[in-house]
Amino acid sequence: MSKKISKKALVVIVAVIAIIAVVGSSLAWFVTQASKSQSFILSGIKASATVYFANNKRDVDAEKFKDENGLYTLSLNKDDENYIGKLKVIVHRSGAACCLRVKTAFEWQLADGSITKFTTNVPYVFNEEWYDNRSTDYCVYFMGGDRSGKAKSDTLYLISNFDESKFDVSDVEAGTTVKALIEVDAVQTNRYPQLWNIEKLPWE
């Protein structure tokens with residue numbers, strides 16, 4: 001007697017800049033993928049991201065500020081080229097219709113390597129097509145229409161500005177840096193409830 005087994009494939013594409021894992025009670029973040037430029041393609045969906053620092057007319061590739069775990073090191077000194085307020089992310093998307101979000105998280109690290117705090121509310125101002133849901137799930141969701149298709153691709157700018165008035169580091173210990181996680185996550189439009197474990201998109 002033969003038995004046929006039907007295999008249903010979950011269609012999901014995750015362009016990973018860093019995948020997070022919490023170890024014990026620590027807030028330290030670790031990664032299993034390190035390449036920001038690597039693209040993943042599955043069932044016609046392609047997503048990737050470019051991370052850089054905007055220094056006046058000169059853009060600085062964030063790759064050189066990535067540590068061995070794939071986390072980006074951000075400075076709290078406005079004069080440094082990797083200052084936290086200069087961070088920019090461009091998301092590239094093409095192929096089949098999909099839902100898209102970017103996960104961000106920030107870990108404050110003292111000069112001796114110890115962790116002082118973990119936060120999601122760094123005061124970035126996102127472009128109008130993005131919905132800031134970081135206080136709930138660390139993610140910023142793309143709300144714009146899906147213009148992707150096999151004949152063209154989308155270039156989506158995530159961060160428009162940085163609100164210095166809401167960023168007070170006057171009581172921060174000298175030598176403190178910030179470790180940043182950035183992860184681009186794209187899924188087929190009819191799969192987000194299952195794969196993201198949400199009943200509806202945050203702005204609906």
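The values are calculated or read from the model by the stated rules, or taken from the named source; none is laboratory data. Because the structure is a prediction, the values reported are computed rather than measured. For neighbour counting, all protein chains shown are included, and Cβ atoms are generated from backbone atoms with ideal geometry for every residue, glycine included. The area values use the complete protein model at the heavy-atom level, side chains included, leaving out ligands, DNA and RNA. Shrake-Rupley method; radii C 1.70, N 1.55, O 1.52, S 1.80 Å.
Within region 162-180, can one find any residue that is on the phi < 0 side of the Ramachandran plot, open to solvent by 60 Å² or more (accessible area, probe 1.4 Å) and under 19 Å from the mean Cα position of the chain (by Cα)?
So far as region 162-180 goes, no, none of its residues is on the phi < 0 side of the Ramachandran plot, open to solvent by 60 Å² or more (accessible area, probe 1.4 Å) and under 19 Å from the mean Cα position of the chain (by Cα).
I'm checking my understanding of the structure. Among residues of region 31-67 that are assigned to a loop (DSSP other than H, G, I, E, B) and modelled with pLDDT of 85 or more, which one is surrounded by the fewest Cβ atoms within 10 Å (Cβ to Cβ)? Please lay out each step first, then the result.
Start the filter on region 31-67 by keeping residues that are assigned to a loop (DSSP other than H, G, I, E, B), which leaves 31-39, 43-44, 56-57, 67.
Right, trim to modelled with pLDDT of 85 or more and you get 56, 67.
Details: N56: 6, D67: 11.
Per the criteria, the residue is N56.
Being out of contact with any Leu (no Cβ under 9 Å at 6 or more places or on another chain), open to solvent by 40 Å² or more (accessible area, probe 1.4 Å) and either farther than 22 Å from K200 by Cα or not charged (D, E, K, R) (or both) is the filter here; which residues of region 114-130 pass it?
Result: S114, N121, V125.
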Does G85 satisfy the condition of being in contact with a strand residue (DSSP E or B) (Cβ under 8 Å, 6 or more places away or on another chain) and either part of a strand (DSSP E or B) or among the small types (G, A, S) (or both)? yes
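Starting from residues that are open to solvent by less than 60 Å² (accessible area, probe 1.4 Å) and of a type outside the set (D, E), keep the ones in region 149-161 and report whichever is modelled with the lowest pLDDT. Step through it out loud before you land on a result.
We begin by selecting, within region 149-161, every residue open to solvent by less than 60 Å² (accessible area, probe 1.4 Å); these are 149, 154, 156, 158-160.
Keeping just the survivors that are of a type outside the set (D, E) gives 149, 156, 158-160.
Numbers: G149: 55, L156: 92, L158: 96, I159: 96, S160: 95.
Top of the filtered list is G149.
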Based on what the data block shows, is V102 open to solvent by less than 20 Å² (accessible area, probe 1.4 Å), β-branched (V, I, T) and in contact with a helix residue (DSSP H, G or I) (Cβ under 7 Å, 6 or more places away or on another chain)? no
Can you spot a residue in region 72-79 that is surrounded by 18 or more Cβ atoms within 10 Å (Cβ to Cβ), modelled with pLDDT of 90 or more and of a type in the set (D, E, K, R)? no
